[in-house]
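So the structure is just underneath, and the comments pick up after that.
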Amino acid sequence: MIKETMVDQFQGLSNVSVIDISQFSDDQLISLSEEMGLALSLSEMKRIKTYFDERNRLPTDIELEALGQAWSEHSCYKSSKVPLKKYVYGIAEEKVLAREDAGVVKFDDNHYYCAALESHNHPSAVEPYGGAATGVGGIVRDIVCMGAQPIAYIDPLFFGSLHMDQNELPKGVKHPRYLFQGVIDGIRDYGNRIGVPTLSGQVYFHPGYTSNCLVNVGSIGIMKKEEMIHSSAKQSGDVYIYVGGRTGRDGIHGVTFASAELTDDSEKTSRSAVQVGDPITKEPLIHVTLLCNRLGLLQGLKDFGGGGLSCVAGELAHAAGLGAEIHLDDIPLKEEGLSPWEMWISESQERMMFVVSQKDVDRVLHICKQWDVNAVVVGTVIDDPVARVFYKGKKILDMDLEFYTGGPVYDETKRPYQLPTINNENVSISSYDLPNFTDTLLSLLQQENIASKEWVIRQYDHEVQAHTVVKPLQGRINQETHGDATVLKPLQDSFKGLAVTADVNPRFMLNDPYHGARAAIDEACRNLIAVGAKPDALLDCLNFGNPEKPERMGEFYEALRGMGKLASELSLPFMSGNVSFYNEAVNSSVPPTPEIMGIGLIDDIRKSVTVPFKQNDDLIYIVGQKTSEELSGSEYFHLRKISGGKVPRTDSGLLKKCMNGLLSVMDKKLLSSCHDISEGGLAVCITEMAIGNQIGSVIDLAKVPGSDREDVLLFSETATRWIVTVPKKFTAEFEKIMNASDAPFACIGVTQGKNVCFNRHEITLIDVEISQLYEQWMNGIASVMG
């Protein structure tokens, strides 16, 4: 279908084509987009045709390929810019010092912390090991290219049920167990090998992720203030230096692949879009990049991410209002025979672009040679705001950067949305019989979303670099429980710490995207507070379906509205983020999944609090909202196969009061343990606290504020609630401070013995040995994965 004619300018360049689109019909333009893998719509192809018609010339293949990358949903956010500006941007903006490849926020008077959160969903669904490995490889480059030393990985992961029958899998879909194992292996092997600890995240299972797993990856870095560098050129005449791994055919059309739905044939047709990671090359690349920056040799810095060289070169220049000239002849290649367009858009890994003054080029090249890292001059910054690419002395790409990097923007008229239908909120648990409470608790502990994630956590090195002071597993060796957040001590000469967590409840989101998104931020704040950290900033990775479908955009708008409103009420900025659309396959979309990564600051890490009960005879308090019948999306409703009801609501005013009160009592070291109440409700929360040090408890449900029904009190996932334990000698001071903060609390029990007991009106509802609870909790995932 594609009519290709060589022109005199390219005579002798058999691997560069000019494509005559001047007379193409609409159908031919769409066919061209599909054949070349551009993933561009008819209106976008017509806009490109008009651009070249007005210049009285035909586009080259490299120009069309470049526009496919730059205008992809993944690169230019054409469907999400309008709602993001409406709901998310501009909140507490004064705190965010930079928002480029990663966000930058003040840590102390002399340092910034840096963080980023992105997705690698489609690649991981096709090739889980490579997709996950290159996901963590890419996110760490985002941290490095701001000038920061990476100190942590975060990995929120979402899969179909591990128990799914092989015969029920849709055509072309891999079993969740295979995907789960491959993704964990990829994250483990890459992160461990480059010496960056993987210490926080989330693992969630739901049938909606069967055909399209989600692999989100985050990273945190620390840097001195003077070491921050920007993803921008500075002046004409500066030199582009390509540094790092060689360019190959892996990762071709990576961003356009991520900007379309998966199909049952993606395994065959899109395998080459998955990059190949090389952590052994990455480790010295990190060192050489940070060294050159600290020596003041870099004017600008950017990693080769989505779109490869086609995006990095133009974006560096465009950010400064300048242009770029790039020569492809000296690009280091993995193999012979790559066409210029393949070199231009390849997403081969472990590559950085340095912008360097002419006077510093030789020194930079010498330092790279010392570290045995490839480095070659590939171009210059120019005054004209254009991108020009040369190959064998001939110009094969010449486009205005405003047109090239700008891309389309779609408002509500071009991306209409339909507000989601909320499930029947009038469904009440009162119409259902009470269950056997002990059996219910034991069953909940084996549910995939509650069971121990030690099988995952133990595969990651969360100790490397020796920054991790509050760890993801806490308690006695070989009997640890889950922590709420991980705490880092990033500086040797300071006890100030960073806490990090990642949260969302996809079942809440399916039932009510607005309140589900608010609940995600609520939980992130609860987790940070639980370790003694004050929430400081948020990041989001927005995983949604096809934005061309109004119902999917409706979910997106409602989620952003909920996120933005609560973040604004709490004065928490979104320091960085990512949008991942087209998470659909085989006629099904993933649940709307706005993953929230929360970062908190703690003035003195020695005052951090952990989850496990510490000793007998401490009093147990519940802090926060009254426990209510907000069971929609809860693990309890899922276990009983009940749909409908209300998703938990967040009261921002109450949340702030509780956070302030808890931080005050933690500052005075009045608490011995703290844990937020989330999946599985109060019963699971108490169980997890008991497991860590094998210390039991007796809880009187009659003292728990809220519902009169026992299963609601035990298993409701009402938001804004914590369990804390207080040594008896501190209870008076604890209650005084909490009252002064106007934070609701109630004393509901005591730590004692080796059983977890729940009573009400002197009737025993649950009384189980911790060892039995621990066995159930440990076997939920480990027994399946081996």
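The values are calculated or read from the model by the stated rules, or taken from the named source; none is laboratory data. Computed from a predicted model, the values in this text were never measured in an experiment. In this analysis, Cβ positions are derived from the backbone assuming ideal geometry, glycine residues included, and neighbour counts consider all displayed protein chains. Accessible surface areas use protein heavy atoms only, side chains included; no ligands, DNA or RNA. Shrake-Rupley method; radii C 1.70, N 1.55, O 1.52, S 1.80 Å.
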Legend entry - Test result for P472, out of contact with any Ser or Thr (no Cβ under 9 Å at 6 or more places or on another chain), at pLDDT 95 or above, crowded, with 21+ Cβ neighbours inside 10 Å and of a type outside the set (V, I, T): no
Inset, instruction - May I ask you to verify whether L117 is surrounded by fewer than 24 Cβ atoms within 10 Å (Cβ to Cβ) and among the hydrophobic types (A, V, I, L, M, F, W, C)? - result: no
Legend entry - Count of region 105-126 residues which are over 17 Å from N578 (Cα atoms), in contact (Cβ under 8 Å) with a residue 24 or more places away in the chain and in contact with a Phe, Trp or Tyr (Cβ under 8 Å, 6 or more places away or on another chain): 3
Legend entry - Unique match (being open to solvent by 10 Å² or more (accessible area, probe 1.4 Å) and touching a strand residue (DSSP E or B) at 6+ places or on another chain (Cβ under 7 Å)) among E558, E523: E523
Legend entry - Selection status of Q181, under 23 Å from Q474 (Cβ atoms) and open to solvent by 10 Å² or more (accessible area, probe 1.4 Å): no
Legend entry - Candidate set: region 478-489, residues that are open to solvent by less than 10 Å² (accessible area, probe 1.4 Å) and not aliphatic (A, V, I, L, M); chosen: the one farthest from I770 (Cα to Cα): T486
Inset, instruction - Filter the helices (runs of 4 or more DSSP H) completely within region 64-182 down to those with at least 2 residues that are modelled with pLDDT of 95 or more. - result: 81-87, 128-144
Inset, instruction - Starting from region 644-661, take each residue that is farther than 12 Å from L570 by Cβ and touching a residue at least 60 places away in the same chain (Cβ under 8 Å) and list its partners that are in a helix (DSSP H, G or I) and of a type in the set (A, V, I, L, M), counting only C-beta distances under 7 angstrom and pairs at least six apart or across chains. - result: V647/A519; P648/A519; G661/I737; G661/M738
Legend entry - Answer residue from region 587-614, given it is assigned to a loop (DSSP other than H, G, I, E, B), farther than 30 Å from S707 by Cα and polar (S, T, N, Q) and is modelled with the lowest pLDDT among those: N587
Legend entry - Members of region 347-390 that are modelled with pLDDT under 95 and under 22 Å from Y404 (Cβ atoms): E347, S348
Legend entry - First in region 629-642 and within 14 Å of L442 (Cα to Cα) and aliphatic (A, V, I, L, M), second anywhere and assigned to a loop (DSSP other than H, G, I, E, B) and at pLDDT 95 or above, Cβ under 8 Å, 6 or more apart: L639/Q447
Legend entry - A559 under 27 Å from the mean Cα position of the chain (by Cα) and free of Cβ contacts under 8 Å to residues at least 60 places away in the same chain: yes
Inset, instruction - Would you be able to say whether some residue in region 429-443 is more than 25 Å from M659 (Cβ to Cβ), open to solvent by less than 40 Å² (accessible area, probe 1.4 Å), part of a loop (DSSP other than H, G, I, E, B) and in contact (Cβ under 8 Å) with a residue 60 or more places away in the chain? - result: yes
Inset, instruction - Tally the residues that are open to solvent by 30 Å² or more (accessible area, probe 1.4 Å) and more than 29 Å from L631 (Cβ to Cβ), restricting the search to region 704-736. - result: 7
Inset, instruction - Enumerate the pairs (first residue in region 401-421 and touching a residue at least 24 places away in the same chain (Cβ under 8 Å); second residue anywhere and in a loop (DSSP other than H, G, I, E, B) and basic (K, R)) with beta-carbon separation below 7 Å, excluding pairs fewer than 6 apart on the same chain, so at least 6 apart or on different chains. - result: G407/K78; P408/K78; V409/K78; Y410/K78
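Table: residues versus (1) β-branched (V, I, T); (2) surrounded by 22 or more Cβ atoms within 10 Å (Cβ to Cβ); (3) in contact with an Asp or Glu (Cβ under 9 Å, 6 or more places away or on another chain); (4) closer than 25 Å to G475 by Cα.
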site: V623; (1), (2), (3), (4): yes, yes, no, yes
site: H638; (1), (2), (3), (4): no, no, no, no
site: K641; (1), (2), (3), (4): no, no, no, no
site: V665; (1), (2), (3), (4): yes, yes, yes, yes
site: K669; (1), (2), (3), (4): no, no, no, yes
site: C674; (1), (2), (3), (4): no, yes, yes, yes
